[in-house]
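The block underneath contains the structure these notes are about, expressed in structure tokens.
The values are calculated or read from the model by the stated rules, or taken from the named source; none is laboratory data. A quick note: this is a predicted structure, and the numbers were derived from the prediction, not measured. Backbone-built Cβ (ideal geometry, glycine too); neighbour counts: all protein chains shown.
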Amino acid sequence: MLGGTGCSAKGEDALATGLWTAVSGASANIQQVDTVSNNLANQDTLGFKKDTPTFKEYLTTTEREHEAQDVPRGPIKDKEFYPLDGRDQSFVIVDGTYTNFKQGNLKITKAPLDLALDGSGFFEVSTPSGVRYTRNGSLKMAMDGRLVTSEGYPVLAVQPGGLATALPATASQPSQGGQQTQGGVTVGQGRTPAQIEAEVAGRFINLRDRGTNISISEAGEIFAGDQLVAKLNVVEFSDLNKLRKQGGTLFVNADQTNIKAEPGRTLVKQGMIEGSNVNPVEEMVNLIKANRSFEHGMKAIKTYSEVLGKEANDIGKL
């Protein structure tokens, strides 16, 4: 009787392991559904970059040191000839989410303040949380004359005061305190938050009393008639994977060395905007696959639960 109970306990442990494997798969599918749904919801958001979840296999045996195996004292089983190393007790977990930075389609609007970026660059903007980067070039002029994004964040120029004539956008010169000046922007340590805020505010672009004849070159130079007003700071990065998405179209760069110092190749296209890089048909297929996988996982969970319940009742009768 004791031997039979032990065998049942081992069988129950195996069933429980299978149950949690099914639970982990269903949980991963839920997160995939959420990510794909967010992509579909933002298919019309200008400059939006879609996200894709990544998964990896989790083996409980990798969390502990392997112990010496005892010599079998009974009938040898098949799995002793072909050790699975815990692969029969593996789980799936979400490893993270990466952003696809593929350029979206450019749409012609002919609006003078609609700008699209042809290349890998980003507009630099000022937000209450600090400097951020975006591909959304649907710009407008605020009540005070500042050039801002559709969310109201001021767009930053290369030079303080908005003018770009003092220093080339790609120049790099040493400054006081061992800091570096890249494109007129001082980077490095030693500045107080107030100094940083004042520097950023000095790079706002003001179009008040500039008239309606605003033209923007592919290099990002803003002209009012024949007069140069400012130059947009279009930033390129060495590794786009280091950018962290904030909200729908804003990105955070925590590593200043990730900003390229050499001349960028991104062109500014006036009268155009960049759409999202979401393919609705592809995302719908992914959503259907994730939903079906989730349903299969829930059926497996239900089956395991029924078997465990039945086994528990049968053991109680022994």
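For this structure, a couple of remarks:
- Hey, Glu262 loosely packed, with under 14 Cβ neighbours inside 10 Å and either at pLDDT 90 or above or assigned to a loop (DSSP other than H, G, I, E, B) (or both) or not: yes
- Among residues that are among the basic types (Lys, Arg) and over 29 Å from Val36 (Cβ atoms), Arg210 is included.
- Listed by position, the strands (runs of 3 or more DSSP E) enclosed by region 192-247 that each have at least 1 residues that are touching a Gly at 6+ places or on another chain (Cβ under 7 Å) and among the charged types (D, E, K, R) are 227-231.
- Within region 93-118, being surrounded by 13 or more Cβ atoms within 10 Å (Cβ to Cβ) and assigned to a loop (DSSP other than H, G, I, E, B) holds for Phe101, Gln103, Gly104, Thr109, Ala111, Pro112, Leu113.
Each row is one residue, and each column tells you yes or no for (1) farther than 15 Å from Tyr304 by Cα; (2) touching a helix residue (DSSP H, G or I) at 6+ places or on another chain (Cβ under 8 Å); (3) at pLDDT 80 or above.
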{"residue": "Leu2", "(1), (2), (3)": "yes, no, no"}
{"residue": "Gly11", "(1), (2), (3)": "no, yes, no"}
{"residue": "Thr17", "(1), (2), (3)": "no, yes, no"}
{"residue": "Gly25", "(1), (2), (3)": "no, yes, no"}
{"residue": "Thr45", "(1), (2), (3)": "yes, no, yes"}
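Conditions tested, residue by residue: (1) of a type in the set (Val, Ile, Thr); (2) at pLDDT 95 or above; (3) farther than 30 Å from Ile273 by Cβ.
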{"residue": "Cys7", "(1), (2), (3)": "no, no, yes"}
{"residue": "Ser37", "(1), (2), (3)": "no, no, no"}
{"residue": "Thr52", "(1), (2), (3)": "yes, no, no"}
{"residue": "Glu63", "(1), (2), (3)": "no, no, yes"}
{"residue": "Lys79", "(1), (2), (3)": "no, no, yes"}
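- Hey, Val94 within 18 Å of the chain's Cα centre (by Cα), among the aliphatic types (A, V, I, L, M) and not assigned by TED's automatic domain parsing to the domain that holds Asn206 or not: yes
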